[in-house]
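The values are calculated or read from the model by the stated rules, or taken from the named source; none is laboratory data. What you are looking at is a predicted structure, and each value in this text was computed from that prediction instead of being measured. Note that we place each Cβ from the backbone using ideal geometry, even for glycine, and neighbour counts take in every protein chain shown. Ligands, DNA and RNA are excluded from the accessible area calculation, which covers all protein heavy atoms including side chains. Shrake-Rupley method; radii C 1.70, N 1.55, O 1.52, S 1.80 Å.
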Amino acid sequence: MTNRTHSPIDAGDPAYWRDRQRAFRLIREADLALKRQKEAPQYLHGGYDEDGDVIAIENLAPEEDLIAAVRAIEANPTAVGILAAQGRTRIGWCPVDAVIRRLVRF
């Protein structure tokens, strides 16, 4: 037997709507981080070496921002529930492990 826990829905409670708004904001922030990551340059200019060749520095900040945004979603049960209901187990290439675990459990 599977025990399922559901959050109570009280559409008249402002706290319920704040929680939903916060969760959707986290999802939107992750989607925007993915968009920034796709549009960001892969390498940054790091100057020149002694031979005059360009020193390329890998631009990891957009990828790290996306991973941080996905971790923020995983820390929010409401956001995890929303993504699970939508069947979204990834934000772009980044898996949302909490959603995957939740879908496997049910």
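Mean Kyte-Doolittle hydropathy of 1.0 or higher plus an axial Cα length of 18 Å or more: which whole DSSP H helices in the chain meet both? TM-like helix candidates: nothing returned. Taken about its Cα centre, the chain carries a charge dipole of about 1140 debye when Lys and Arg each add +1 at the Cβ and Asp and Glu each add -1 at the Cβ.
Once you've got the GNM for the chain with C-alpha springs shorter than 10 Å, pick whichever of GLY52, GLY92, GLY12 has the biggest mean-square fluctuation. Maximum fluctuation in the GNM of the chain, among the listed residues, is at GLY52. Translational diffusion coefficient of segment 25-67 at 4 °C, 1.567 mPa s, Stokes-Einstein with Kirkwood Rh over Cα pairs, in µm²/s as a whole number. For these conditions, the coefficient is 111 µm²/s. Per residue, the accessible area of the chain comes to 71 Å², computed with a 1.4 Å probe over protein heavy atoms only. Element breakdown for the chain at a 1.4 angstrom probe: carbon and sulfur atoms account for 52% of the accessible area. Entry note, the chain: relative contact order of 25 percent, from Cα contacts under 8 Å with a spacing of 6+ residues. In terms of overall dimensions, segment 54-106 has a Cα radius of gyration and Dmax of 13.9, 53 angstrom. Volume of the convex hull of the chain (Cα atoms only), normalised per residue: 115 Å³.
Within the listed set ASP65, ASP19, ASP53, the residue fluctuating most in the Gaussian network model of the chain (springs between alpha-carbon atoms under 10 angstrom) is ASP53.
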